[in-house]
Structure formats: C-alpha cells, structure tokens
Amino acid sequence: MRCCSQRKQVLRRPVERKQYLSIRYTERLLDAGIKPSVGSVGDSYDNALAETVIGLFKTEVIRRRGPWRSLEAVEYATLEWVAWFNIHRLLEPIGNVPRAEAEARYYAAGDAPALAA
C-alpha cells in the first residue's frame with residue numbers, strides 16, 4: 001500500500017490573535033531593554049501574579065465566607081472584593097493609603113509624566 005509514502009500538502013493554521021499579541025508584547029519588551037520574565041519564544045507572560053491574586057481571593061472570600069447559597073451570592077462577593085482590592089485596600093509601600101488615593105494625590109501634584117503614544 002502506497003498511501004503512506006505519498007506526500008500530501010498540509011494547510012498551516014494562521015497565527016491566532018493571542019499568539020500575535022504575545023509576540024508583539026515580547027518585541028516591545030526587547031525594544032525597551034526589558035528581559036521577559038518567563039516563557040518561550042514569543043511568550044513572556046508570567047502567571048505568578050494572577051495565580052497569587054486568585055489564591056488570595058479564594059482564601060479571603062470563597063473559603064472564609066462560604067458555604068455559598070447561590071452563584072449570585074458568589075458573584076456579588078466577588079464584586080465587593082475586587083472593589084476593595086483595587087480601590088480601598090491599604091498599601092504599606094505607598095504610606096498605608098488606598099491606591100486610588102495615592103494616585104489622586106500624584107496627579108494632583110502635577111508630577112504626572114507625559115503619556116506615551
């Protein structure tokens with residue numbers, strides 16, 4: 001049987017959007033002289049921060065405040081926690097003030113750098 005010895009053309013799948021963005025991201029890092037944190041060629045994303053925040057969320061909300069009666073209760077608790085984490089949480093490195101307050105002070109002081117294109 002000669003079916004296996006025949007050469008067939010194979011269509012190559014185009015680069016997916018997320019792969020393209022990852023490649024562009026890595027190129028921008030290299031242009032800026034920044035080494036990628038981890039990954040292979042074309043992929044410098046680091047999941048450590050995301051995994052840390054997810055673990056923190058599970059510990060502080062899901063396990064501590066459960067058991068949950070409904071999906072809606074989990075969704076509402078998630079919204080509350082995200083608002084606290086991003087807006088109201090006190091951060092020691094910036095003087096034990098919420099991030100939003102520190103950012104407002106920074107921009108009010110007029111020390112804001114020009115935005116890059």
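What follows draws every value from the coordinates through simple rules; no lab data is involved. Because the structure is predicted, anything quoted here is derived from the model rather than measured. Note: ideal-geometry Cβ built from the backbone for every residue, glycine included; neighbour counts use all protein chains shown.
Given a Förster distance of 35 angstrom, what is the FRET efficiency for Glu92 paired with Ile54, based on the Cβ-Cβ distance and rounded to 0.05? Can you show the working numbers first?
Numbers: r = 22 Å, r/R0 = 0.63.
The formula returns an efficiency of 0.95 here.
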Neighbour-count order for Arg105, Arg64, fewest beta carbons within 10 angstrom listed first: Arg64, Arg105
Stretchable slack from Tyr106 to Arg69, in nm (0.36 nm times residue separation minus alpha-carbon distance): 9.1 nm
